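A short reminder: the numbers here are calculations on the coordinates, not readings from a lab. All values derive from a computational prediction rather than experimental measurement. Cβ atoms come from the backbone with ideal geometry, glycine included; neighbour counts cover every protein chain shown.
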Amino acid sequence: MDETIDESGGITARLERTNGLLERMLVEVAKTPSTHAIFVDAGYLYAAAGRLVTGTEDRRTFELDAEGLIDALIDKARTIFADSRLLRVYWYDGARRRIHTAEQQSIAELPDVKVRLGNLNANNQQKGVDSLIRSDLESLARHRAISDAALIGGDEDLVSAVEAAQGYGARVHLWGIEAPDGRNQAEPLLWEVDSQRTFDADFFKPFVTRRPAAPYEPAATAARPSRDDVRFVGAQISAKWLSARGREALVGLLPGHPYLPGSVDQELLVEAERLLDYSLRGQSDLRRVLRDGFWDHLQKYY
């Protein structure tokens, strides 16, 4: 009987100690403020904001006031996550051999901003950015460094990053940029996040301005390209265009065949002149061949 009483008393004492520890832990958790971070896929941001405000995704044709935009995003997060503090803004971009450009250096020097660079290949496509986002999101969530993540991006490859962070208890909120037509964020990504928010043109107009167009000056020795070369370049640009925008954008083009919307036709012309190192202004026959090459590639998909 005495042994039973002793065992019962020991269990009670242990339970009281455990409850005491849990109560102290809850008090400490209550004292710890929530923390959020902002994760920006700069490739998505430049392309979507540029297209929304200036009608083109070509970074060379517009300027982005990154400092002003980052401040606006921080203010927006402060409003949305009212009882939370900012850890920092993570800015993911691509660069040749991961060497900062002058613009990326200036962004890296901003307070509360961490620039992370992936590679930029010969076609100016980012490589390794999605894996950097996943690594940071997962690590911060695993170490309880953040409770909420605002993710600005649209690539389906980011789904694994979202799932990894959620697996450690963090909430992931997808912030997007209004698309002039269709969507610019993958549906599987929209399905996985905890909330969605879209910013319109009025939000970005103060931070995106078009650069004055410089007259094209072909090299003095540039020879007139052959029709086959021009058609090939048209197909090459078409492949890049389709990869960047997806099948939904293609569906939007089909009713206009064989014509192209003005913004697409202008982008095609500028990029073709760059690749050919030759001005196509006033070359109506080569312009038609260029468009034919563009459509030749798209016709493989419908």
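See the values below:
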| item | result |
| --- | --- |
| Space enclosed by the convex hull of the alpha-carbon atoms of segment 227-299, per residue, Å³ | 78 Å³ |
| Chain lengthening between Asn19 and Ala95 when straightened (0.36 nm per residue, less Cα-Cα) | 22.0 nm |
| Span from the segment 263-302 Cα centroid across to the segment 69-103 one, whole angstrom | 36 Å |
| Thr35 long-range amide H proximity, modeled H, under 5 Å | Arg85, Ser147, Asp148 |
| Amide H contacts under 5 Å for Tyr90, placed H, 5+ residues apart | Ile38, Phe39, Val40, Lys114 |
| Calculated log₁₀ intensity ratio I(q)/I(0) where the Debye formula runs over C-alpha points of segment 73-187, q = 0.18 Å⁻¹ | -1.07 |
| 222 nm mean residue ellipticity, helices alone, for the chain (DSSP H n ≥ 4; -39,500 (n - 2.57); rounded to 500) | -16000 deg cm²/dmol |
| Paramagnetic reach from Asp112 in segment 160-179 [backbone N under 20 Å; point 7 Å along Cα→Cβ] | 171-176 |
